[in-house]
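Enquirer: Got a structure for you, written out below as structure tokens; questions coming shortly.
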Amino acid sequence: MEFDQVVWLLDQRFDFLIPWFEKEYNIFRKDFLFVGSYHGNTRKGLKKVTVGDLPGGHVSYLEPEDINKLYAHRITSNKRTLLIAFSGAYLPSADYVTSFIATGNIATDINNKWWQYEFFCKTGIKTPKTWWAENHCQLLHLSQVLFSQYESLLIKKAELAGGYKMKIVSSAEDVYDYCGRQKEDFLNSEFLISEYIPHKQSFSGMAIIDRDGNTIWCGATEQVLYNDLAYEGLIWPPYIDDKGLCDIKNITLKVGKGLAEYGYFGYYNVDFIQGPDEMYAVEINARFCFSTIFYACCCGDKFWRAVQGKEIHESWPDRRLIMGKIKAKEGKSYCKLADQSNILEWFNSGIGGFQSYFVGTDEPECYDYGSFIGLFGELLTKDTNRDDALRLFWDRCLQQYR
């Protein structure tokens, strides 16, 4: 199929996948339109548009759904468009749009956490009890009622991911404090509040649904979280016994069956926590995410076929991998950072580690929020214990922050 335009909505984390895309489809980056919320001097000389109001040299953060909402009206029927998107939510579902993941109402619904909670309940999948609040006033009232039954609760937004704007609360004062720190437009939108399940480990089951509705298992990783909430990276293979891994696989495939029946196709993962007695499914990410980067490392130049379910990739590790975010300080400028290795070449070599930066290659870029400026990865011996792996993970994560 020929296209009038190729719109690349993925952020700079995924730019290392561009050479394999060019090779697979014979479409080259000079013909892409790059869309993002980053200032992005790593993409100099390429066609790009920035959504959101940003001063020059500043890097701001928007959720993928926000980027889609701001850009979607520019995708019109007079151009056949190939979308390479992080999420299909709020993007048009039409004959003139082709995407690697489902778009339109299907993607918007499935990426909504309240839809996910009802889906888990309907399909008999164990998940923390959750309640919906129309706004912060209802949230305050509801939390006061729930604290008579639960010691701790978890507040989250229906559309935000990666632990962003989530908060564990243990009293009405905590809820008031949480609301007091948010902007007014944020407070007047819906909230979810869940029972908090104490846990020491979190996992992600990965799979792909092809356009015929078949679900393909891609494996599982252990998630590394900050304060039990904020996603910072992964460990693979996960530190889990065979029964636990089997449970994750079975539930992930069960979820895939339901998503396919709803009309979804593309990559997805299911997040889990290991509670005191059993495994809980807590979230579906029906989109590209951090684990997609890991899966791309496994697939190499076959990634764009594999992510559509056209090629099955199985990996049997003889090493243990840690991969995560290199953190940035809020308000700090970064410049003269450069890739120290090619991610895919490094992964396939099985030697040492890598650091890959996607901002600040020449002109200074100031981060207006505390997030991350690059990725790191390191291959450890398979018998490295979990405590040592986590210690090494956090050391790499914070190297630029310090």
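The values are calculated or read from the model by the stated rules, or taken from the named source; none is laboratory data. Computed from a prediction, not measured in an experiment: that's the story for all the values here. All Cβ positions, even for glycine, are placed from backbone atoms using ideal geometry, and neighbour counts span all protein chains on display. Accessible surface areas use protein heavy atoms only, side chains included; no ligands, DNA or RNA. Shrake-Rupley method; radii C 1.70, N 1.55, O 1.52, S 1.80 Å.
Enquirer: How many residues are in a loop (DSSP other than H, G, I, E, B), in contact with a His (Cβ under 8 Å, 6 or more places away or on another chain) and either at pLDDT 75 or above or acidic (Asp, Glu) (or both) if we restrict to region 27-77?
Expert: 0
Enquirer: Being of a type outside the set (D, E, K, R), at pLDDT below 75, part of a strand (DSSP E or B) and under 22 Å from PHE14 (Cβ atoms) is the filter here, so list the residues in region 316-370 that pass it.
Expert: If the condition is that a residue be of a type outside the set (D, E, K, R), at pLDDT below 75, part of a strand (DSSP E or B) and under 22 Å from PHE14 (Cβ atoms), then TYR334, TYR367 are the ones that fit.
Enquirer: Shifting gears a bit: Kindly evaluate LYS126 against the criterion of being charged (D, E, K, R), open to solvent by 30 Å² or more (accessible area, probe 1.4 Å) and in contact (Cβ under 8 Å) with a residue 40 or more places away in the chain.
Expert: yes
Enquirer: Mind telling me which of the residues SER170, SER143, SER152 ends up being among the polar types (S, T, N, Q), open to solvent by 30 Å² or more (accessible area, probe 1.4 Å) and over 28 Å from ASN105 (Cα atoms)?
Expert: Just one listed residue meets the conditions, SER170.
Residues are listed down the side, and each one gets a yes or a no for (1) closer than 17 Å to CYS299 by Cβ; (2) under 19 Å from the mean Cα position of the chain (by Cα); (3) not in a strand (DSSP E or B):
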| position | (1), (2), (3) |
| --- | --- |
| ALA207 | yes, yes, no |
| GLY213 | no, no, yes |
| GLU222 | no, yes, no |
| TYR231 | no, yes, no |
| ILE240 | no, no, yes |
| LYS243 | no, no, yes |
| ILE248 | no, yes, yes |
| ILE251 | no, no, yes |
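Enquirer: If you scan region 109-130, which residues turn out to be at pLDDT 95 or above, out of contact with any strand residue (DSSP E or B) (no Cβ under 8 Å at 6 or more places or on another chain) and not charged (D, E, K, R)?
Expert: Correct list: TRP115, CYS121, THR123, GLY124.
Enquirer: Could you please give the count of residues in region 1-33 that are among the aromatic types (Phe, Trp, Tyr) and open to solvent by less than 30 Å² (accessible area, probe 1.4 Å)?
Expert: Selection size over region 1-33: 4.
Enquirer: Let me ask something else about it. Please pick out the residue among ASP301, ASP271, ASP277 that is of a type outside the set (A, V, I, L, M), open to solvent by 10 Å² or more (accessible area, probe 1.4 Å) and in a helix (DSSP H, G or I).
Expert: Of ASP301, ASP271, ASP277, the one residue that is of a type outside the set (A, V, I, L, M), open to solvent by 10 Å² or more (accessible area, probe 1.4 Å) and in a helix (DSSP H, G or I) is ASP301.
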